[in-house]
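The next block holds one structure in the form of structure tokens; read it before the comments.
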């Protein structure tokens, strides 16, 4: 295995984290560990932002510019340290580093047994294409690798994060891809632990919270295990093979647990990490946890505005839009809620109000206006700081639509969130009933209303969601401990996100021709957010309930037994899915995601290696890309743009389907037409410099017939590379 590359990559991440440490400690001074668990993530935000800004200021994007960006981060930290000091907890730093390194190495090993950057069952071809073209580019936005001549319309900051690490470490991109996946797992695990340790003041429960966030599987994964063990009738549902128990367990399919609610995607962090698409939603997990930590830090602050944290929120909130734009509105709304909760809390502390309505009215109108003004400043800043991105990306628009049918059935909803909902519901009911509102009749009435609402609206999850929203809001207002307040805010946010998916969807290309898929992307993206906030809330709820001496009873054995059983159920998925996804650890480990391509398609691989010697971003013509099929591999492994790649993806990113269709029709004519005038028009129109004729092109366009026109016109087409399977022609101008 490539241990030297692993060490280089790890050292780069350590340097970035240490460079950002004083700044992190200054911003997160309200957290117990002073934010040491977040320093690498914040460092990556600052590094990515400065490298992007410097490029827009006229400097060529390069390793030098990325290195200068690291120095800028370090310089800011030195200024902070000189004027503010803010020493951090060295023991907390050691714990964080040990956890990060262990998590990183664990996932490096897992990736080494299944490193393939493969075309089917995921987005790896897309992700690698985007990373490679950014590495080739000198300015932003980079050219779209699947629509040559057009700027990248997809949110690309996650790929820029990966590209920066590849440039600094000097590893091959196909190795950096897998190290990037391992890094995102380790960063997320460390951040979740830091949040959990602060909210529970317990190292053990910090690990438990971390497990809820990034390791545990869902209830559907455990149901799949039960079917595998005991219910042959449903073997076909989960592709369970015939054979003895060990054979069936060894073939455990990691995929179905992410497709629980019909016609949607229900990914959760551990699935995303072992699926290992270095995709926007997976990269964004660590940065969402950083934002959650920032908002907790804000809520814990005293009467004055926490200006460093507010500045960090503005930078990170703006960063979320080009990272994974689905996260921007969610965390913008969460920021507003946290700021209003903070304003109420500090006013209540000053006035000692006790009534529910009195607490809401505790801030004066001017205090509310001031808070709203600060919210507006942060919101505007989050856009202005990334204005060049928004100017280029403004051609993409998706509309908000009402869901009129196909809402989630309760049984499927529990299949996704059932395990963590147990702890959240028990905690919310316990606090609401035992401390704030000990009236069982009112609680029963509330449940009856929720059941009636679910029946009348056909939104079954209202049975759970409505009580959670009411109880968490009430408890949050009545609570004096800001750490507990934050748990109620997390519970309420998760409930509101779930409710949003029942009422609305974001219209995109999914569902255009198949209406049953209208919620496909909406549930996918928003459920990842809901998982994160509820996983944090569930882990902390378990901590409080475990130590509860009220209605739960002192060391209640029944609750302890149920908790252990649920945790074991949640662990069944990562254990079995990891074993099967890693192909039973039987392959020769390597981190090179292109090694399999060299082995299985050697001639194509050799041609790609030749193309990798080209500088810049010359357009290479390939046959149009069929989604999740072996094609556009030139773009994937070189970053060289092609006229049209995976057309379905492009239609989802742009409002110009006619342009994509036009390219889809014109490219095959270059391979099939004998009309040189028409071919020249197409080649000139798209500024094609090289034409690739490989196995896919010969299969589609008739073997040597695909090369006939090029071979007959040597003055126009120069054969610059060939092997038994691939011919590459340079277009002579």
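For the subset of segment 640-657 comprising residues that are under 20 Å from residue 687 (Cβ atoms) and surrounded by fewer than 21 Cβ atoms within 10 Å (Cβ to Cβ), which member is modelled with the highest pLDDT? Quick ask: steps written out before the conclusion?
Step one: of segment 640-657, the residues under 20 Å from residue 687 (Cβ atoms) are 640-645, 647, 650, 654, 656.
Now narrow it down to the ones that are surrounded by fewer than 21 Cβ atoms within 10 Å (Cβ to Cβ): 647, 654, 656.
Working: 647: 91, 654: 83, 656: 75.
Among residues in segment 640-657 that are under 20 Å from residue 687 (Cβ atoms) and surrounded by fewer than 21 Cβ atoms within 10 Å (Cβ to Cβ), the one modelled with the highest pLDDT is 647.
Which of the residues belonging to segment 358-398 are in contact with a strand residue (DSSP E or B) (Cβ under 8 Å, 6 or more places away or on another chain) and part of a helix (DSSP H, G or I)? Step through it out loud before you land on a result.
First, pick out the residues of segment 358-398 that are in contact with a strand residue (DSSP E or B) (Cβ under 8 Å, 6 or more places away or on another chain): 392, 398.
Correct list: 392 only.
Out of everything in segment 497-515 that is touching a residue at least 60 places away in the same chain (Cβ under 8 Å) and in a helix (DSSP H, G or I), what residue ends up being farthest from residue 526 (Cα to Cα)? It would help to see each step written out before you state the result.
Taking segment 497-515 as the starting set, the residues that turn out to be touching a residue at least 60 places away in the same chain (Cβ under 8 Å) are 497-498, 501-510.
If we keep only those that are in a helix (DSSP H, G or I) as well, we get 497-498, 501-503.
Details: 497: 7, 498: 8, 501: 8, 502: 11, 503: 13 Å.
Across segment 497-515, the extreme among qualifying residues is 503.
For every residue, the table says whether it meets (1) part of a loop (DSSP other than H, G, I, E, B); (2) touching a helix residue (DSSP H, G or I) at 6+ places or on another chain (Cβ under 7 Å); (3) at pLDDT 95 or above; (4) at positive phi.
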{"residue": "573", "(1), (2), (3), (4)": "no, yes, yes, no"}
{"residue": "593", "(1), (2), (3), (4)": "yes, yes, yes, no"}
{"residue": "597", "(1), (2), (3), (4)": "no, yes, yes, no"}
{"residue": "607", "(1), (2), (3), (4)": "no, no, yes, no"}
{"residue": "614", "(1), (2), (3), (4)": "yes, no, yes, no"}
{"residue": "635", "(1), (2), (3), (4)": "no, yes, yes, no"}
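Residues 67, 121: which one is more than 26 Å from residue 194 (Cβ to Cβ), out of contact with any helix residue (DSSP H, G or I) (no Cβ under 6 Å at 6 or more places or on another chain) and at pLDDT below 95?
Values: 67 fails: at pLDDT below 95.
That would be 121, the only listed residue that is more than 26 Å from residue 194 (Cβ to Cβ), out of contact with any helix residue (DSSP H, G or I) (no Cβ under 6 Å at 6 or more places or on another chain) and at pLDDT below 95.
Only one of (1) crowded, with 21+ Cβ neighbours inside 10 Å; (2) closer than 30 Å to residue 223 by Cα; (3) touching a helix residue (DSSP H, G or I) at 6+ places or on another chain (Cβ under 7 Å) is not met by residue 324, so which one is it?
(2)
Yes/no per residue for (1) at pLDDT 95 or above; (2) in a helix (DSSP H, G or I); (3) crowded, with 18+ Cβ neighbours inside 10 Å:
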site	(1), (2), (3)
405	no, no, no
408	yes, no, yes
417	yes, yes, yes
420	yes, yes, yes
423	yes, yes, yes
429	no, yes, no
446	no, yes, no
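Between a residue in segment 169-186 that is on the phi < 0 side of the Ramachandran plot and assigned to a loop (DSSP other than H, G, I, E, B) and any residue that is crowded, with 24+ Cβ neighbours inside 10 Å and modelled with pLDDT of 95 or more, which pairs come within a Cβ distance under 7 Å, given they are 6 or more apart or on different chains?
171/9; 171/179
Give just the number: which of (1) in a loop (DSSP other than H, G, I, E, B); (2) more than 29 Å from residue 684 (Cα to Cα); (3) within 28 Å of the chain's Cα centre (by Cα) does residue 588 not satisfy?
(3)
Taking segment 656-692 as the region of interest, how many residues are more than 39 Å from the chain's Cα centre (by Cα) and assigned to a loop (DSSP other than H, G, I, E, B)?
3
Return the total of residues in segment 259-280 being in contact with a helix residue (DSSP H, G or I) (Cβ under 7 Å, 6 or more places away or on another chain), surrounded by fewer than 22 Cβ atoms within 10 Å (Cβ to Cβ) and part of a helix (DSSP H, G or I).
1
Provide a single number: the residues in segment 457-468 that are without any contact (Cβ under 8 Å) to a residue 40 or more places away in the chain and surrounded by fewer than 20 Cβ atoms within 10 Å (Cβ to Cβ).
The qualifying residues number 1.
Can you list residue pairs whose Cβ atoms sit under 8 Å apart, with the first residue in segment 95-106 being in a helix (DSSP H, G or I) and the second being surrounded by 22 or more Cβ atoms within 10 Å (Cβ to Cβ) and modelled with pLDDT under 95? Count only pairs 6 or more apart in sequence or on different chains.
96/33
Which of the following residues is crowded, with 24+ Cβ neighbours inside 10 Å and either closer than 27 Å to residue 582 by Cβ or in contact (Cβ under 8 Å) with a residue 12 or more places away in the chain (or both): 163, 112, 92?
Exactly one of 163, 112, 92 is crowded, with 24+ Cβ neighbours inside 10 Å and either closer than 27 Å to residue 582 by Cβ or in contact (Cβ under 8 Å) with a residue 12 or more places away in the chain (or both), namely 163.
The values are calculated or read from the model by the stated rules, or taken from the named source; none is laboratory data. All of these numbers come straight from a predicted model, not from anything done at the bench. Positions of Cβ are backbone-derived with ideal geometry, glycine not excepted, and every protein chain shown enters the neighbour counts.
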